[in-house]
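The values are calculated or read from the model by the stated rules, or taken from the named source; none is laboratory data. What you see is a predicted model, and the numbers here were worked out from it, not measured in a lab. Every residue, glycine among them, receives a Cβ derived from its backbone with ideal geometry; neighbour counts consider all protein chains shown. Heads up: the accessible areas ignore ligands, DNA and RNA and are worked out on the full protein's heavy atoms, side chains in. Shrake-Rupley method; radii C 1.70, N 1.55, O 1.52, S 1.80 Å.
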Amino acid sequence: MKKLLISPSQMALSEQEGHIYQNILKQASEISLNLMAVKIENHPEDFLGWCYELLSASRDRINHDLLETKQLPVLKKLHDLLISAISFLQLKTLRVAPWPVVSVFVEQHKDALALDEQLRLTQYIASIREQSLKEMIPEDLLTFTGKHTSALDPSSYNFDVEWFSSTKSAKAFHQMLADLPALFDEALAHIPLEGEVTEANYQDFVLKYVHAFTDNNEKPTLAPATRLLAMRRPDVFTPINNSRLDSLCSALAITKLSNRDFARYWQDIVQAVHAMSWFKMANGDSEQDQQLVAIKALIPCFFYYADTTTAENSNYIKLLNKPKRATSTTTKKVRRGKESAEILVDRALAAEDMPEHIRAKRDSIISEVQKGRGVAETISLMRTIFG
């Protein structure tokens, strides 16, 4: 372990990387005796590999039973620093990487990233993108804007809607969206659904977006705006959130954006990503690459740290695996509006292999879905009853 801890001092680290290393080393020194008991066989020669190895050693192989209570916050801080460092170093490679390298990276990490699930989300967004926010059913609005709730039936929404920057903490944003969706439609109308998006388009969006908040005595914030933009045009806008903003800004070698710096977002994030080699040369030979090209501005989201727990912590997976209660009387169900129930049921009944006698039960199925029963669960019940 000692050899591992000092090895970055022999690496050609940048000034920024050296600062990161010193911060990590400071935390590691607080639990050095515990770390020394961990056997190290892998000694990476690069800083990224070193961060991965130390994270594995301190998280998966350290003897947690020997840690004192006061050391636990130190260990968590060490893990947070290492995860942030990994995100920074991986994102930093985007500044020089060609498209084939980016494509291979995504393929190699697809399981940890839950890539198939994330792509299902982008494909679903593409199917509703032309609708106005005002016209969307509540479930689709949550999907577009990135807020998970138990109302999202996993049989109809087979993905976590909070991939690509969650907005669940933006309470004022969601309250305004529920009350005044037309104001956000007016803002998004300035961003064309296809073709070039100019700075003037973006500025017109910002003007409408900011006024929507200020006219209603609320404070506009940048992160939820970037989620709207990224879902509107995933080939143009890269979404941000506060928890990952440090890593992204460090990787792009820019001062961290404030959560209201709309002007710098266009210049320092959007334009910077567009200037990268991989972004300019993105092309799709395989089906997966074609899907990635269509959402190429979202690709930086795949370069944040991810491991097996990332995919397992998907809200979709959690909801899908949620244990069933023993009796229906104790199960709390989320009621749906009739319009939502009708749309969700009609989508399911449109499947080519759906029997006509089940389609004939449309009204009964809608009634059950309104009460909070899942669409797939209701149809399965109908199949059992009616054969």
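Taking θ = phi - 60°, what integer Hz values does the Karplus form 6.51 cos²θ - 1.76 cosθ + 1.60 yield along the range 185-201, in sequence order, with x for Gly and Pro?
4, 4, 5, 5, 4, 7, 9, x, 6, 8, x, 5, 10, 8, 4, 5, 4
Which entries of K296/K322; K110/K296; K318/K361; K2/K26; K92/K256 show an alpha-carbon separation above 23 angstrom in the structure shown? Could the numbers behind the result be given before it?
Working: K296/K322 33 Å; K110/K296 16 Å; K318/K361 30 Å; K2/K26 14 Å; K92/K256 15 Å.
Listed pairs above 23 Å: K296/K322; K318/K361.
Quick one: net charge of T308's neighbours, Cβ under 13 Å, K/R +1, D/E -1? Each step should come with its number before you reach the end.
Numbers: positive: R59, K110; negative: D60, D111, D307, E312.
That sum, taken over residues with Cβ under 13 Å, equals -2.
Using the crude model of +1 on Lys and Arg Cβ and -1 on Asp and Glu Cβ, and no other charge, please compute the dipole size for the chain relative to its Cα centre, in debye to 20. It would help to have the intermediate numbers written out before the result.
Working: 45 positive and 49 negative charges, 273 e Å.
With Lys and Arg at +1 and Asp and Glu at -1, about 1300 debye.
Hey, if we sort T308, T143 by accessible area with the 1.4 Å probe, largest down, what's the order? Working shown, then result.
Numbers: T308 95, T143 0 Å².
So the residues, ranked largest to smallest area, are T308, T143.
Just the accessible area per residue of the chain, please: how many Å² with a 1.4 Å probe?
Working: 19460 Å² over 387 residues.
Heavy-atom accessible area per residue stands at 50 Å².
Which residue, Y202, H190, S364, has the largest displacement toward the positive end of the dipole of the chain when charges sit on each Cβ (Lys, Arg +1; Asp, Glu -1)?
Final value for the positive-end residue is S364.
Quick one: P(r) of the range 122-191 from all Cα-Cα pairs, 5 Å bins, percents rounded to integers, in order of increasing distance.
3, 16, 28, 28, 19, 5, 1
For the residue pair L320 and D353, what label-to-label distance in nm results when each label sits 7 Å from Cα along the Cα-to-beta-carbon direction?
The two pseudo-label positions are separated by 1.7 nm.
Which FRET efficiency, nearest 0.05, do D60 and S29 yield, Cβ-Cβ r, R0 25 Å? Provide the component values of the computation, followed by the final result.
On the way: r = 20 Å, r/R0 = 0.82.
Using R0 = 25 Å, I get an efficiency of 0.75.
Could you state the number of Å between the C-alpha centres of the range 81-131 and the range 186-262?
Cα centroid of the range 186-262 versus Cα centroid of the range 81-131: 19 Å apart.
Give me the percent of accessible area attributable to carbon and sulfur for the range 184-272, probe 1.4 angstrom.
Details: 1690 of 3770 Å².
Carbon-and-sulfur percentage of accessible area, whole number: 45.
Could you give the size of the charge dipole of the range 151-275 about its Cα centre, using +1 on the Cβ of each K and R and -1 on the Cβ of each D and E, expressed in debye and rounded to the nearest 20?
Working: 11 positive and 16 negative charges, 85 e Å.
Around 400 debye, computed over the range 151-275.
With label points built 7 Å along Cα→Cβ from the Cα atoms of T69 and T309, find their separation and express it in nm.
For T69 paired with T309, the spin-label model returns 2.2 nm.
If the label point is 7 Å along Cα→Cβ of K39, which residues in the range 1-26 have backbone nitrogen under 14 Å from it?
Within reach of a label on K39, which here means backbone N under 14 Å from a point 7 Å along Cα→Cβ, the range 1-26 contributes 1.
Can you give me the distance in nm between label points at A126 and D285, each placed 7 Å from the Cα along the Cα-to-Cβ direction?
Rounded to a tenth, the inter-label distance reads 2.1 nm.
Considering all projection directions equally, how large on average is the shadow of the alpha-carbon convex hull of the chain, in square nanometres?
Working: hull surface 93.0 nm².
If I average the Cα hull's projected area over directions, I get 23.3 nm².
Counting only other residues whose beta carbon sits under 15 Å from that of A182, what net charge do I get with K and R as +1, D and E as -1?
Net charge around A182: -3.
In terms of solvent-accessible area of protein heavy atoms at a 1.4 angstrom probe, what is the ranking of I125, I6, highest value first? Display every interim value, and only then the final one.
Details: I125 0, I6 95 Å².
Descending accessible area places them as I6, I125.
Provide the net charge surrounding L292, with neighbours chosen by a C-beta distance below 13 Å and charges set as Lys +1, Arg +1, Asp -1, Glu -1. Intermediate results must be reported in sequence, preceding the final value.
Details: positive: K110, K296; negative: E107, D116, D235, D285, E287, D289.
Summing Lys/Arg as +1 and Asp/Glu as -1 gives -4.
Per-residue HN-Hα couplings for the range 89-104, Karplus 6.51 cos²θ - 1.76 cosθ + 1.60 at θ = phi - 60°, whole Hz, x for Gly and Pro?
After applying 6.51 cos²θ - 1.76 cosθ + 1.60, I find 5, 5, 5, 4, 5, 5, 5, 10, 6, x, 4, x, 5, 5, 4, 5 Hz.
Out of W278, S250, S84, whose Cα points farthest toward the positive end of the dipole of the chain (charges: +1 Lys, Arg; -1 Asp, Glu; placed on Cβ)?
Farthest towards the positive pole: S84.
Quick one: compute the contact order of the chain, relative version, from alpha carbon pairs under 8 angstrom and 6+ residues apart, as a percent.
For the chain, the relative contact order is 18 percent.
How large is the helix-only mean residue ellipticity at 222 nm for the chain, computed as the sum of -39500 (n - 2.57) over DSSP H runs with n ≥ 4, divided by its residue count, in deg cm²/dmol to the nearest 500? Walk me through the numbers before you get to the answer.
Numbers: 23 runs with 210 residues, N = 387.
It comes out at -15500 deg cm²/dmol, rounded to the nearest 500.
Go through 75-83, 36-44 and give me the packing order, highest mean Cβ count within 10 Å leading.
On the way: 75-83: 17.8, 36-44: 11.8.
Those peptides, ordered most packed to least, come out 75-83, 36-44.
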